[in-house]
2 protein chains.
Amino acid sequence: MTPTIHDVARLAEVSIKTVSNVMNDYPHIRPATRQRVLDAIASLDYKPNLSARGLRSGKTGLVSLIIPDLRNPYFAELADIVVRAAEAQGLSVMVAQSNGQRERELSLLVGPRMQMVDGVLFSALGLSAEDNDLLARIRTPMVLLGERILDGPKDHVTMRNVEGSEAATAHLIGIGRRRIVALGSDPAQGLGSAALRLEGYRRALRHAGIEEDPDLLVDVIGWYRRTGADSMRAFLDRGVDFDGVVAFNDQIALGALRVMQEAGLHVPDDVAVIGFDDVDEVRYTLPSLSTIDPGREEIVEVALRYLTGRMDGSDADVPPRDHLTSFRLIQRESTTPA
Amino acid sequence: MTPTIHDVARLAEVSIKTVSNVMNDYPHIRPATRQRVLDAIASLDYKPNLSARGLRSGKTGLVSLIIPDLRNPYFAELADIVVRAAEAQGLSVMVAQSNGQRERELSLLVGPRMQMVDGVLFSALGLSAEDNDLLARIRTPMVLLGERILDGPKDHVTMRNVEGSEAATAHLIGIGRRRIVALGSDPAQGLGSAALRLEGYRRALRHAGIEEDPDLLVDVIGWYRRTGADSMRAFLDRGVDFDGVVAFNDQIALGALRVMQEAGLHVPDDVAVIGFDDVDEVRYTLPSLSTIDPGREEIVEVALRYLTGRMDGSDADVPPRDHLTSFRLIQRESTTPA
DNA sequence: GTGAAAGCGCTAACAC
DNA sequence: GTGTTAGCGCTTTCAC
C-alpha cells in the first residue's frame with residue numbers, strides 16, 4: 001500500500017526518528033544520512049500521512065473560509081486572494097458557504113469540521129452582536145471579516161465603510177451632482193454595511209450643505225444585480241428627480257445601470273453612478289463603473305496575519321484586534337464630468 | 001483541554017467503545033445508555049477529533065477542487081455548486097488554484113495535500129494528454145472536468161462542446177446572419193475547448209452551406225473580458241464585414257460587446273452576439289447576452305457521483321468513464337431578431 | 001547524530 | 001449489549 005515512514009526508514013537503513021528529522025529540517029543530521037533518506041523518500045514516492053501528523057501535532061494546516069456564497073463576485077474574488085495568500089504560507093483553504101443564513105452560520109461554527117481546521121476566516125452576514133457569547137466560546141482561532149459584528153470577542157478586519165461611502169458621495173458632489181440617490185439602504189439590516197454606508201453618504205451631504213431628501217433613500221433587500229435593477233425600476237416609476245447614484249455595492253450598481261439605460265437615461269451625463277467593491281467585471285461595462293476599492297488584498301493580508309498569530313500562539317494573550325483597511329476611489333466613465 | 005472520547009465515556013459511565021458506537025449509529029445499544037452518552041456529549045460539547053478518525057479510517061471527508069482560479073466567474077459558479085453538492089453529502093471542499101499553469105497543476109497533484117483528501121475534482125488547463133502517465137499513477141480517486149484531457153485514465157465529465165457551439169452558430173444563422181465571427185479560436189491550444197468549439201462553428205456553417213472565411217476566425221489568447229475586448233478592437237481595425245459573433249465564452253463576449261458598442265455598432269441589429277457558459281452576470285448587461293448553458297449542475301452532479309463511487313470503492317473495477325452533459329441555448333436580447 | 005518507545009484520539013476485532 | 005485492547009502513522013522525549 002502507500003508507503004509509511006517505516007518503509008522509508010528500512011530502505012534508508014536508519015530509524016524512523018531520523019526520517020522524521022529529515023522531513024522536519026532538524027539541523028544536526030549528517031549530510032550522507034540525510035541524502036540516503038531523501039533518496040529513499042523519492043524512490044518510494046513517500047508522502048507523509050497528514051492525518052497522523054495532524055493527530056500528533058494538533059495542527060492540520062487547514063483554514064476554513066466561511067462566506068455567504070461564491071456566486072457573489074465580491075466573495076469569489078476575496079476567496080481567490082485568500083487561497084493565494086494561504087497557499088503562500090503552506091496553508092490550504094476549505095471553503096464553506098452559509099448563504100448568509102444565521103442558522104447555517106451557526107451550524108458551521110459548531111459543526112465537526114471546525115475540529116479539522118487550525119483557524120477560521122468568517123465573513124458573517126446572519127450572525128450579529130447578539131451572538132457574541134457563542135463566538136466567545138469558540139476555541140478555534142478566528143478572524144471576522146465584514147461589518148456585521150463589531151467590537152466582538154474576535155479579531156476583526158474590514159474596510160472604512162463610512163469614509164468610503166463619504167468619499168463616493170463627495171466625488172459625485174464634486175462633479176456637480178446634488179440629487180444623489182443612496183441605493184442600498186436597508187432598515188432591516190440594523191448595523192452592518194448598509195447602515196455604515198448610509199452614514200457616510202449623510203456625512204458627505206452634510207459637509208456639502210445639501211439637505212437630505214428621504215425620497216432619495218432607496219432600499220435594496222439583498223445586494224444583487226436583480227434587486228438593484230428592481231429597486232431602480234421602482235424608483236424611476238416614482239418620478240423623483242435625480243442626477244447621481246451611490247450604489248452600496250457593484251452588483252446593485254450594474255442592475256441599476258441597465259435599468260436606467262433602458263429608460264433612456266444617459267450615464268454619466270444624466271446620472272452619474274458610483275459603486276462599491278471594485279469587482280473585476282465593472283471595468284468592462286459600458287460605461288465602466290466608478291467604484292470604491294475596499295482594499296481586499298490588505299484585508300486578506302491582515303486577516304491572515306492575525307489568524308496565524310492566533311494559530312501559532314504568538315498572539316495568544318493579545319485582546320481582540322480591529323483593523324480598518326484604507327480604500328481607494330476609482331474613477332471610471334460612469335462619473336466622468338461632462 | 002478539548003474533551004476526548006474518554007472524557008465522554010467517564011461522564012456517561014460507559015466504555016469508549018460504547019461512545020464510539022453511539023456516534024457511529026451502531027444499532028444494538030440500549031436506549032438508556034445511548035441517551036446517557038448523548039447527554040455527556042452535549043454537556044461536554046464534545047467533538048470527535050477528525051484527524052484521529054481520519055488516521056484510523058483512512059478517510060478524511062475532504063475533497064479537493066482544483067481549478068484555474070476563482071476570479072473567473074465560470075469557475076466561481078462551478079465551485080459554488082461543488083461546495084453545495086459536496087456539503088449535501090457530508091463532504092467538505094478544499095479549493096486549490098492552478099492559475100492554469102501546468103507546473104502548478106503538477107505540484108498540486110503530487111503535493112502532500114493530496115494525502116489529505118479522499119478525492120479530487122480536477123479542472124485541467126495546463127496538463128494535457130501527454131501527462132496521462134502521471135495521471136494514471138495517482139492513487140487518489142479523481143474526476144477530470146473540462147476538455148483538456150479526453151480518453152485519459154480517469155473519469156471525465158464535460159459538456160457537449162461541439163454540439164453546443166454548433167447550436168450557437170446555427171442560432172445566429174437562423175436569425176439571418178451570414179458573416180459570423182468565431183471569437184476565441186486559439187491555435188496554440190491544441191485540443192481543448194477552443195478547438196472543439198471551432199469545430200462546432202464549422203459544422204454549422206457547413207450544414208447551412210456557408211463557406212468559411214478565414215478572416216472571421218479571431219484568436220483570443222486567454223479568455224477574459226480584457227482579451228475579448230482587445231481581440232475585437234483589433235478585428236474592427238481590419239475593417240472586415242460581419243453581422244454575428246459566436247464568442248467561445250461569456251467573458252470574451254462581454255469584452256467584445258463593449259468594444260463594438262463603443263464603435264457605434266448596435267447589438268443585435270448590426271451584430272448579433274452569443275456567448276458560452278451562462279454566467280450570472282450576462283443576464284443584466286445591456287443588451288443581455290444569449291449564451292450556451294453548459295449544464296453545470298449536471299456536470300457537478302455526475303462528477304461527484306463518479307467520485308464518490310471511486311472513493312467508497314463501489315466502482316473500483318469500473319474502467320474510466322466519460323460523461324457529456326446536455327447543454328441549453330438561452331436566447332436573450334443580444335440575438336433577438338429585428 | 002541516531003535509536004527506542006510512548007502516545008496523540010479514534011475505530012474495530014474480539015472477548016465476555 | 002458492552003468492555004478491552006491493538007494499532008492507524010506520525011512526533012517527540014529521552015537514552016546512548
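Compute the Cα gyration tensor for the range A:161-293, then decide on rounded, prolate or oblate, letting a ≥ b ≥ c be the square roots of its eigenvalues: rounded whenever a/c is under 1.5, prolate when a/b is larger than b/c in the other cases, and oblate in all that remain.
rounded
Hey, got a sec? Which GluC sites (Glu not before Pro) in the range B:73-169 land in a DSSP loop and have at most 15 other Cβ atoms within 10 Å?
Those that pass, being in a loop and sparsely packed, number zero.
A:Arg178 to A:Arg233: extension gain in nm, 0.36 nm per residue of separation minus the Cα-Cα distance?
17.7 nm is the gain from fully extending A:Arg178 to A:Arg233.
Please find, in a Gaussian network model of chain B (springs between Cα atoms separated by less than 10 Å), the residue of B:Val82, B:Val245, B:Val110 whose mean-square fluctuation is greatest.
Looking only at B:Val82, B:Val245, B:Val110, the biggest GNM fluctuation is shown by B:Val110.
Rounded to the nearest 20 debye, what is the charge dipole size of the range A:161-293 about its Cα centre when +1 sits on each Lys and Arg Cβ and -1 on each Asp and Glu Cβ?
In total the dipole reaches around 80 debye.
Considering only protein heavy atoms, with the full assembly of protein chains and a 1.4 angstrom probe, order B:Phe327, A:Phe75, B:Phe122 by accessible area, largest first.
B:Phe327, A:Phe75, B:Phe122
How many square angstrom of accessible surface are buried between A and B, both sides summed, with a 1.4 Å probe and rounding to 100?
For chain A against chain B, roughly 5000 Å² becomes buried.
Among residues other than B:Phe75 whose Cβ falls under 11 Å from its Cβ, what is the net charge (Lys/Arg +1, Asp/Glu -1)?
Cβ neighbours under 11 Å give a net charge of -3.
What does the helix-only formula give at 222 nm for chain B: each DSSP H stretch with n ≥ 4 adding -39500 (n - 2.57), the total divided by the residues, and the result rounded to the nearest 500 deg cm²/dmol?
My calculation for chain B gives -13000 deg cm²/dmol from helical runs alone.
According to a simple spin-label model (label point 7 Å from Cα along Cα-to-Cβ), what is the distance in nm between A:Ala88 and B:Asp151?
Reported label-point gap for B:Asp151 and A:Ala88 is 4.3 nm.
Quick check: the distance between the Cα centres of the range A:197-241 and the range B:53-67, to the nearest angstrom?
Cα centroid of the range A:197-241 versus Cα centroid of the range B:53-67: 48 Å apart.
Specify whether the C-alpha gyration tensor of the range A:241-338 places it in the rounded, prolate or oblate class, a ≥ b ≥ c being the square roots of the eigenvalues: rounded for a/c under 1.5, otherwise prolate if a/b is larger than b/c and oblate if not.
Prolate, since a/c reaches 1.5 and a/b exceeds b/c.
Place the label 7 angstrom along Cα→C-beta at A:Ser326 and in each other copy, then list the distances from the first to the rest in nm, shortest first.
5.7
Pick out, from B:Val63, B:Val240, B:Gly209, the residue whose Cα sits farthest towards the positive end of the charge dipole of chain B, with +1 on the Cβ of Lys and Arg and -1 on the Cβ of Asp and Glu.
Farthest along the dipole direction, towards plus: B:Val63.
Only Lys, Arg, Asp and Glu count, each charged at its Cβ (+1, +1, -1, -1), so figure out the dipole size of the range A:34-120 about its Cα centre, rounded to 20 debye.
400 debye
Quick one: compute the contact order of the range A:161-293, relative version, from alpha carbon pairs under 8 angstrom and 6+ residues apart, as a percent.
Over the range A:161-293, the number comes to 26 percent.
Just to make sure I understand: if all protein chains stay in place, what is the order of B:Thr335, B:Thr285 by accessible area at 1.4 Å, largest first?
Sorted descending by solvent-accessible area, the residues read B:Thr285, B:Thr335.
Using the charge dipole of chain B (Lys, Arg: +1 at Cβ; Asp, Glu: -1 at Cβ; taken about the Cα centre), state which of B:Val218, B:Leu183, B:Ile330 has its Cα farthest towards the positive end.
Most positive-ward Cα: B:Ile330.
Residues of the protein assembly as shown: accessible area per residue at 1.4 Å, in Å²?
Computed with neighbouring chains in place, this is 42 Å² per residue.
Tell me, in nm to one decimal, what length is gained between A:Ile16 and A:Glu199 on full extension, where the rule is 0.36 nm per residue of separation less the Cα-Cα distance?
Extra length available between A:Ile16 and A:Glu199 comes to 59.6 nm.
Scan chain A for the residue whose Cβ is closest to the axis carrying it onto chain B, then write down that distance in whole angstrom.
Checking which Cβ lies nearest the axis yields A:Ala76, 2.
Hey, for B:Asp270 with labels 7 Å out along Cα-Cβ, what do the inter-copy distances come to in nm, ordered shortest first?
So the label point of B:Asp270 gives 2.1 nm to the other copies.
Expressed as a rounded percentage, what relative contact order does chain A have, with Cα pairs under 8 Å and six or more residues apart?
The normalised contact order for chain A reaches 15 percent.
Under 19 Å from the Cα of B:Lys17, which aspartates and glutamates turn up, not counting those fewer than eight places away in the same chain?
Within reach: B:Asp7, B:Asp25, B:Asp39, B:Asp45.
How far apart, in nm, are the 7 Å Cα→Cβ label points at A:Gln331 and B:Arg206?
Going by the 7 Å Cα→Cβ label model, 5.5 nm.
Using a Gaussian network model of chain B whose springs link C-alpha atoms within less than 10 Å, name the residue from B:Pro287, B:Pro268, B:Pro48 with the highest mean-square fluctuation.
Maximum fluctuation in the GNM of chain B, among the listed residues, is at B:Pro48.
If the only charges are +1 at each Lys and Arg Cβ and -1 at each Asp and Glu Cβ, what is the size of the charge dipole of the range B:106-171 around the Cα centre, to the nearest 20 debye?
Dipole size: approximately 300 debye.
Looking at the protein assembly as shown only, what percent of DSSP beta bridges run antiparallel? Nearest 5 please.
10 percent
For chain B, modelled as a Gaussian network with Cα springs under 10 Å, which listed residue fluctuates most, B:Leu265, B:Leu78, B:Leu198?
In the Gaussian network model the winner is B:Leu265.
Which aspartates and glutamates have a Cα lying under 15 Å from the Cα of B:Lys59, excluding residues fewer than 8 positions away in the same chain?
B:Asp118, B:Asp312
Could you point to the residue in B:Ser98, B:Val282, B:Ala194 farthest towards the positive end of chain B's charge dipole, with +1 and -1 charges on the Cβ of Lys/Arg and Asp/Glu respectively?
Value computed over the given set: B:Ser98.
Testing the spin-label approximation: label points 7 Å from Cα along Cα→Cβ at B:Asp322 and A:Lys47. State their distance in nm.
Placing both labels 7 Å beyond Cα along the Cβ direction yields 2.7 nm.
Where a ≥ b ≥ c are the square roots of the eigenvalues of the C-alpha gyration tensor, would you call the range B:54-159 rounded, which needs a/c under 1.5, or, failing that, prolate if a/b is larger than b/c, or oblate?
Oblate.
The values are calculated or read from the model by the stated rules, or taken from the named source; none is laboratory data. Just so it is clear, the model here is predicted, and its values are computed rather than measured. Glycine gets a Cβ as well: all are built from the backbone with ideal geometry, and neighbour counts include every protein chain shown. Only protein heavy atoms, including side chains, enter the accessible area calculation; ligands, DNA and RNA are left aside. Shrake-Rupley method; radii C 1.70, N 1.55, O 1.52, S 1.80 Å.
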